[in-house]
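Q: Handing you a structure now.
The values are calculated or read from the model by the stated rules, or taken from the named source; none is laboratory data. As the structure is a computational prediction, the values presented were derived from the model and not from experiment. Every residue, glycine as well, gets a Cβ built from its backbone with ideal geometry; the counts of neighbours run over all protein chains shown.
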Amino acid sequence: MKLEDITIEVASEKHLIYVEKILTSIEEAAQVRGTGIARRKPEYISRKMLEAKAVIALYGQEFAGFSYIETWEHKSYVTTSGLIVRPEFRGLGIAKKIKDMTFSLARTRWPKAKIFSLTSGAAVMAMNTRLGYKPVTFAELTTDEAFWKGCEGCVNVDVLKRTDRKYCICTGMLFDPEEHLPAKIPQEVLDRIAELDKEDETND
Ligand SMILES: CC(C)(COP(=O)(O)OP(=O)(O)OC[C@H]1O[C@@H](n2cnc3c(N)ncnc32)[C@H](O)[C@@H]1OP(=O)(O)O)[C@@H](O)C(=O)NCCC(=O)NCCS
């Protein structure tokens, strides 16, 4: 089997048949790693597919890999979550292609959002670094309670709680779109542009 034999695409209604398989694959992988995960319900994954916020990898009709996008704090932060490649398909570069697609999807859809990752996985750290994420302290991540609730299912959540959400086993990594612009636009100009855009919308 080669990477070229795998189809990687933004998921849609036709992929709803894979939801159960995706959830069991994520659950099994978490058990092997001995870490917790943000457990999601089938309806949650289905909605991600219908909202074009998920990427699926297939080998013919066979499920090979998956990841989905979540937004936080009124879409000012984005995460690409639940990355999974089934064991028999690993080491081919599928995760990298899935990650490239979820990242591109997030950048296209919410160009101003910061993209972050909270991970203990070396593979994810390598892929994040390549895409321009930097390691950061937890203070730079979202304060959205809904995001941190996802940590409740992790075996290490006591560390997170004990340190008042400042430190844990996972590494925080952030892609800040502003850092990737060659010059910084002052806040007053951004405010002016926002006003002009508002006027533009009312004139349309
Ligand atoms: C992590 C996982 C998604 C990788 O899938 P994969 O398709 O085998 O990964 P790829 O072949 O695309 O490799 C992507 C990168 O990760 C690296 N990598 C892959 N597995 C790795 C591992 N176990 N340890 C360290 N690096 C690893 C690769 O070398 C590659 O890096 P490079 O681009 O710098 O060479 C897969 O092993 C998996 O599903 N694991 C269980 C779930 C999981 O841990 N998800 C991540 C949640 S944080």
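Q: Looking at the stretch 36-49, which of its residues are part of a helix (DSSP H, G or I), closer than 15 Å to ILE84 by Cβ and charged (D, E, K, R)?
A: Once the filter is applied, which keeps residues that are part of a helix (DSSP H, G or I), closer than 15 Å to ILE84 by Cβ and charged (D, E, K, R), the stretch 36-49 yields only LYS48.
Q: For the stretch 51-64, what are the residues that are more than 14 Å from the chain's Cα centre (by Cα) and surrounded by 14 or more Cβ atoms within 10 Å (Cβ to Cβ)? So that I can check it myself, show each step before the final result.
A: So the first thing to find is which residues in the stretch 51-64 are more than 14 Å from the chain's Cα centre (by Cα), and the list is 51, 57-64.
Correct list: ALA57, LEU58, TYR59, PHE63, ALA64.
Rundown of residues vs (1) in contact with a Ser or Thr (Cβ under 9 Å, 6 or more places away or on another chain); (2) in a loop (DSSP other than H, G, I, E, B), yes/no style:
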| site | (1), (2) |
| --- | --- |
| ASP100 | no, no |
| ALA106 | yes, no |
| PRO111 | no, yes |
| THR129 | no, no |
| CYS151 | no, no |
| ASP158 | no, no |
| LEU174 | yes, no |
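Q: Moving to a separate point now. Looking only at the stretch 100-127, count how many residues are among the polar types (S, T, N, Q), without any contact (Cβ under 8 Å) to a residue 60 or more places away in the chain and within 10 Å of the ligand (Cβ to nearest atom). Before the answer, list the steps.
A: If we filter the stretch 100-127 for residues that are among the polar types (S, T, N, Q), which is where we start, we get 102, 104, 108, 117, 119-120.
Cutting the leftovers down to without any contact (Cβ under 8 Å) to a residue 60 or more places away in the chain gives us 102, 104, 108, 117, 119.
Filter once more, so that each one left must be within 10 Å of the ligand (Cβ to nearest atom): 117, 119.
Residues in the stretch 100-127 being among the polar types (S, T, N, Q), without any contact (Cβ under 8 Å) to a residue 60 or more places away in the chain and within 10 Å of the ligand (Cβ to nearest atom): 2 in total.
Q: Would you say GLY91 is within 16 Å of the ligand (Cβ to nearest atom) and either touching a residue at least 40 places away in the same chain (Cβ under 8 Å) or not small (Gly, Ala, Ser) (or both)? Talk me through it step by step, then tell me what you get.
A: Working: within 16 Å of the ligand (Cβ to nearest atom): yes; either touching a residue at least 40 places away in the same chain (Cβ under 8 Å) or not small (Gly, Ala, Ser) (or both): no.
So GLY91 fails the test.
Q: Further, regarding this structure: Among (1) more than 13 Å from MET173 (Cβ to Cβ); (2) within 15 Å of the chain's Cα centre (by Cα); (3) free of Cβ contacts under 8 Å to residues at least 60 places away in the same chain, which single condition is LYS97 missing?
A: It is condition (3) that LYS97 fails.
Q: Next question, about the same structure. Go through the stretch 9-35 and count every residue that is assigned to a loop (DSSP other than H, G, I, E, B), surrounded by 13 or more Cβ atoms within 10 Å (Cβ to Cβ) and more than 10 Å from the ligand (Cβ to nearest atom).
A: Taking the stretch 9-35 first, the residues assigned to a loop (DSSP other than H, G, I, E, B) are 11-12, 34-35.
This time we only want the ones that are surrounded by 13 or more Cβ atoms within 10 Å (Cβ to Cβ), so: 11-12, 35.
This time we only want the ones that are more than 10 Å from the ligand (Cβ to nearest atom), so: 11-12.
The total comes to 2.
Q: List the pairs whose first member sits in the stretch 52-76 and is more than 12 Å from the ligand (Cβ to nearest atom), whose second member is of a type in the set (Lys, Arg) and modelled with pLDDT under 95, and whose Cβ atoms are under 8 Å apart, counting only residues at least 6 apart or on separate chains?
A: SER76/LYS112
Q: Still on this model: Scan the stretch 101-114 and give yes if some residue there is surrounded by fewer than 19 Cβ atoms within 10 Å (Cβ to Cβ) and of a type in the set (Gly, Ala, Ser), otherwise no.
A: yes
Q: Working only within the stretch 161-203, note down all residues that are more than 21 Å from VAL78 (Cβ to Cβ) and either within 20 Å of the chain's Cα centre (by Cα) or among the aromatic types (Phe, Trp, Tyr) (or both).
A: The answer is TYR167, ILE169.
Q: Taking the stretch 131-144 as the search range and keeping residues that are farther than 22 Å from ALA30 by Cβ and assigned to a helix (DSSP H, G or I), which one is nearest to the ligand (Cβ to nearest atom)?
A: Of everything passing the filter in the stretch 131-144, LEU131 is nearest to the ligand (Cβ to nearest atom).
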